[in-house]
Amino acid sequence: DSSTRAAGRRTSVSGSARRCTAMPTRAMAAALLVVTAVAVSVRAPRPIAVGSAYPARELCSRCGLCDTPFVSEVASACAFIGEGMARIDAQEALSHGRARRLDDAELHFGVFTELSNVRMRTGVDGAAWTGVVTSVAIEALESGLVDAVIAVGAKSDRPHERMEPQPRLCRSAAEVRACRGVKPCLANSLSLLEQVQIDPSIRRLLFIGVGCQVQALRAVEHKLGLEALYVLGTNCADNVRSPTALRRFMEAVSESPESAVGFEFMQDYTVHVKHVPTASAALAEHWPDFSASAGLSPDSPSLPLYERVPVFSLPQAQLKDVIANSCTSCFDYSNALADLVVRYSYYYH
């Protein structure tokens, strides 16, 4: 490989330098210049330059790996290059100690020790559902299980930016709580791995992410120098390819895009658009298709409502190329390489 070849050059040049002890001073200086040039040429891989094409091209999920020096591992780590997600079969045994069983529910869900239906007794206001992911991450920090959490926050609290992703390295419960809620857009969470690697105070890490991110993370975790890595996975589907496409989608789908805080393509062939509590009363008056969330107490002052939009009524001409190609090509909805996966249960009100 390139590192071996580089090492070979260094050995060869060093040997030449030793043999130059009887050379005139000018020849010796020339040999030392060669040694210096070789040493400078052996550098860590550089991240993909801003604006340049990523290796997976149109299938890239913008996971963030190529925004770090770990781009050198992309050929074997990326879920959309070469064997892609077929590598999960072998990686499961490395991550979980065994491969999945093919004669029971593991065929669909991957390796597991227990499947449970859970919800928070007291919901986390502003969370996508009841706040299970947020609560697990906070407990991991406060109990000392981990030193930091990688989660996806929002670009800002402004209406047109609160669903736009901004990966964050969280060191406190408040920082984790600020990341609550869904961001239905591609997020480069792995771009923070270089920061984790060089920070000596981070020895144990919790990473929250989706399947393609987790697959790439598992491929390079041995290079991070961590004492422990915990992966909290979420299910993922139909991510929008960019913030611009997200705004275009919401304006086409919802009658109140400025109050929307999330959406899901659901099994009843409708898009469920979740709206902030402050808009709930006004929306409920005008749209009978809105209904209360099952996740929080009916007495909660921050009870969100959902706008249901039939999929077949969506303006297809305006929504072309909105959903990322990586998402329509994904076969790891179950997030098979995560340690713990939190998915949503479907209820029809």
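The values are calculated or read from the model by the stated rules, or taken from the named source; none is laboratory data. Small disclaimer: the values here were computed from a predicted structure and weren't measured. We place every Cβ from the backbone using ideal geometry, glycine too, and count neighbours over all the protein chains shown. Accessible surface areas use protein heavy atoms only, side chains included; no ligands, DNA or RNA. Shrake-Rupley method; radii C 1.70, N 1.55, O 1.52, S 1.80 Å.
Could you work out the local net charge near Q197, counting Lys and Arg as +1, Asp and Glu as -1, over the other residues with Cβ closer than 12 Å to its Cβ? Walk me through the numbers before you get to the answer.
Working: positive: R203, K223; negative: E194, D199, E221.
Around Q197, the surrounding residues sum to -1.
Could you sort Y269, Y344, Y230 by accessible area so the largest value comes first, with the probe set to 1.4 Å?
Numbers: Y269 150, Y344 40, Y230 75 Å².
Ranked from most to least accessible, the order is Y269, Y230, Y344.
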Shape category assigned to the stretch 126-276 from the gyration tensor of Cα positions, a/c cut at 1.5: prolate
Charge context of Q166, other residues only, Cβ under 11 angstrom, K/R +1, D/E -1: +2
Anchor K274: lysines whose Cα lies under 25 Å away (excluding residues fewer than 8 positions away in-chain): K155, K183, K320
GluC sites (Glu not before Pro) within the stretch 87-129: DSSP coil, no more than 12 neighbouring Cβ in 10 Å: E114
